[in-house]
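The values are calculated or read from the model by the stated rules, or taken from the named source; none is laboratory data. Remember, predicted model here, so these are calculated numbers, not experimental data. All Cβ positions, glycine included, derive from the backbone under ideal geometry; neighbour counts span all protein chains shown. To get the accessible areas, we keep the full protein, side chains included, count just its heavy atoms, and leave off ligands, DNA and RNA. Shrake-Rupley method; radii C 1.70, N 1.55, O 1.52, S 1.80 Å.
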Amino acid sequence: EGDAAGAERILAEADDFLARAEEEDPDWIEPVNRRGWLAYRHSRLGGLDRDHYERWINVGMGHADRALARAPGNADALELAATLEYWRYLLSLVPSHEVDALLHRVEDRFSRAVQVDPSRASAHTSLSHLHLNAGRFAQAKLSAERAYRADPFLENANLTLWRLYQASWNLGDAVEARRACDEGQ
């Protein structure tokens, strides 16, 4: 509702709660992952403040790294790490000489997340976005289809359908582009 300060307070309270849960059971990876996702949400409140983005992306990556150290194949931790790094790239916070390595790592982590858990619609749709940006339209379309099949009611399903439309259009498949457009409508 436009209350960034209120949202920050709520996110901080949630993080405190999850930190206590993590202290109670240090082997339980769920609170670590959730703290990372909260940091990602916190980073989205940055407006035009690069320092805010960097701070919260780094906090989130700290949680993701801890989760991956405990469970290298955890789908949620893989998606979290990929999301945070991709967000850093999308915000142009990555030095140009690091971009290729970062994008390779992001793609690998999203791909591993959906291999471990094919129902992760959010990872599929993010992978679709990455493929679209790289001009790999067939892969983008496949990832968008998998995302939509996994969860047609995902919070950002409209973006999944948009990506499905874009990929189909760029592949010259007007029938599939129209189908995605109609479904979006």
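In segment 22-48, what residues are open to solvent by less than 70 Å² (accessible area, probe 1.4 Å), over 18 Å from Trp87 (Cβ atoms) and at pLDDT below 95? Hits for segment 22-48 are Glu22, Asp25. Residues considered: Asp15, Asp51, Asp76. Of these, the only one that is open to solvent by less than 70 Å² (accessible area, probe 1.4 Å), farther than 29 Å from Arg146 by Cα and either touching a Pro at 6+ places or on another chain (Cβ under 8 Å) or of a type in the set (Asp, Glu) (or both) is Asp15.
Which residues, taken from segment 152-162, are more than 15 Å from the chain's Cα centre (by Cα) and touching a residue at least 24 places away in the same chain (Cβ under 8 Å)? The one that is more than 15 Å from the chain's Cα centre (by Cα) and touching a residue at least 24 places away in the same chain (Cβ under 8 Å): Asn158. Does Glu155 satisfy the condition of being surrounded by fewer than 22 Cβ atoms within 10 Å (Cβ to Cβ) and assigned to a helix (DSSP H, G or I)? Answer is no for this residue.
Here is the figure for segment 102-134: residues that are open to solvent by 60 Å² or more (accessible area, probe 1.4 Å) and part of a helix (DSSP H, G or I) total 7.
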